[in-house]
Amino acid sequence: MTDEQKLYSIWVYLQAEPLFWLTLTVGAYLAGDFCYKQTRLFPLFNPVALGIIIVSAVLLIFNVQYERYFDGAKFIHFLLGPATVSLAIPIYKKWELIVANAKAIVTGAILGSLFAVLITYALALGLSLDREIIISLLPRSVTAPIAMGIAELTGGIPSLTAIITIITGIIGAAFGTFTLDLLRVKSMSARGFSIGLASHGIGTARAMSRNDTAGVFAAVAMGLSGIVASLIIPLIIGILQI
Amino acid sequence: MLKGIFLIFLFQLVGEVIQKLLELAVPGPVIGLLLLLLALLLTRSSKRSFKIELETNLTVASEQLLAHLPLLFVPIGVGVVMHLSFLESSLLKVLAVIFIGTVLTVGFTALVIEKIQNWRTVDD
């Protein structure tokens, strides 16, 4: 075997192993984390966005199918479920604070969800997008499984909604903090709540990684907005005759 | 920690089964979250050493799981990047709607919450 053939056979072996893709995923995330800590200026330089960009670049450069990558990375993806369940513990620990703020939480969930849907409709209509795409856009601030359910129910395209929802999460995580700094919002509960409401799990993950209170309020907002959105989106579509 | 992991898996499993049985739109892990929260709240006043040990175990496990929560979204995010062509010619418009809509929603919601002055109790 020539050196080149040997190298190629190593690459073929690595591609088929989960270890390579797991290492790449964690490494890309850590690189993103490093860049974020070094700069803290450019919002897109946050660990999750940079991690995604780095991994995608590697896959595109080496012409690797997503399915092959996911076959390895699914071990990380799997942890999303248990991580979601374990949000119960920080919520439980801040239960008094949540009950004390019940009024603001409920009002914020209703008004915020209403705003999210209506602004999305207005923008999509303004840019004259197709009806099917508009319907698929409406539930975008809700966690992906719920958003897909709403899209299916209302005549959208669930897989399109899934993509739109994840992009919303990444943008919320990347630019949410920046927006809140610009508006000089100080309260950690208000910061977390708004990011969780606008950008579900990815936003919540971001809030949780920065501040406990923000993370808990983001998780509560994510849960409530899921319920509110499932109720109001079919109604809004009916009333506005979208 | 292992007991904590076991309980978290168990609640997710129960959540997934309930979701499938009742064909709910709410994802299984979210049902698991609600059930675990309910269980913790219902046993809150219990001082039994068994319950305290489990709670400590759960705390350690959840801290480990949540420490790098954003990392868990990388695989699915890569999937989105690889499938962006799905949006074809509407891509830029859709991105614009998402970007403007999300930033405005974050700002609006935060201001609403701050306006409701009940927020005095915040401990941060």
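Data table
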item	result
For segment A:112-242, size of Cβ-based charge dipole, Lys and Arg +1, Asp and Glu -1, in debye	380
Reachable lysines from B:K93, criterion Cα separation under 18 angstrom, eight or more residues apart if same chain	none
Mean residue ellipticity (222 nm) of chain B, computed from DSSP H runs ≥ 4 via -39,500 (n - 2.57), nearest 500	-24000 deg cm²/dmol
Selection from A:L60, A:C35, B:I31 lying farthest towards where the dipole of the protein assembly as shown points positive, charges on Cβ	B:I31
Rounded D (µm²/s) - segment B:1-118, Kirkwood Rh over Cα pairs, Stokes-Einstein at 37 °C, 0.692 mPa s	181
Peptide A:3-12, shielding by other chains (average Cβ, 10 Å cutoff)	0
Cβ crowding within 10 Å averaged over residues, with B:107-114, B:82-89, A:26-33 ranked highest first	B:107-114, A:26-33, B:82-89
Estimated inter-spin distance, A:V64 and A:T39, nm [label 7 Å along Cα→Cβ]	2.3
Over 21 Å between alpha carbons, listed pairs A:K103/A:K186; A:K93/B:K20; A:K103/B:K20; A:K186/B:K115	A:K93/B:K20; A:K103/B:K20
Contact order relative to length of chain B, as percent, for alpha carbon pairs under 8 angstrom and 6 or more apart	23
Mean Cβ count within 10 Å, highest first, over the residues of peptides A:129-139, A:158-168, B:22-32	A:158-168, A:129-139, B:22-32
Peptide B:79-91, shielding by other chains (average Cβ, 10 Å cutoff)	5
Kirkwood-Stokes translational diffusion coefficient of the protein assembly as shown, alpha-carbon pairs, 25 °C, 0.890 mPa s, µm²/s	117
Calculated FRET value between A:I98 and A:L19, using beta carbons and R₀ = 35 Å, to 0.05	0.30
Intensity falloff of segment B:1-67 expressed as log10 I(q)/I(0), Debye formula with alpha-carbon point scatterers, at q = 0.13, 0.14, 0.22 Å⁻¹	-0.38, -0.44, -0.93
Square roots of five times the Cα gyration tensor eigenvalues for segment A:20-71, Å	23, 10, 7
Value of D in µm² per second that Stokes-Einstein yields for segment A:85-242, Kirkwood Rh from Cα pairs, at 10 °C (1.306 mPa s)	102
Acute angle (nearest 10 degrees) that the helix A:47-61 long axis makes with the longest principal axis of chain A, alpha-carbon atoms	40
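None of the figures in this text is laboratory data; all of them are computed from the coordinates on show. Predicted model only: the values in this text are computed from it and were never measured. A quick note on method: Cβ atoms are made from the backbone with ideal geometry, for glycine too, and the neighbour counts reach across all protein chains shown.
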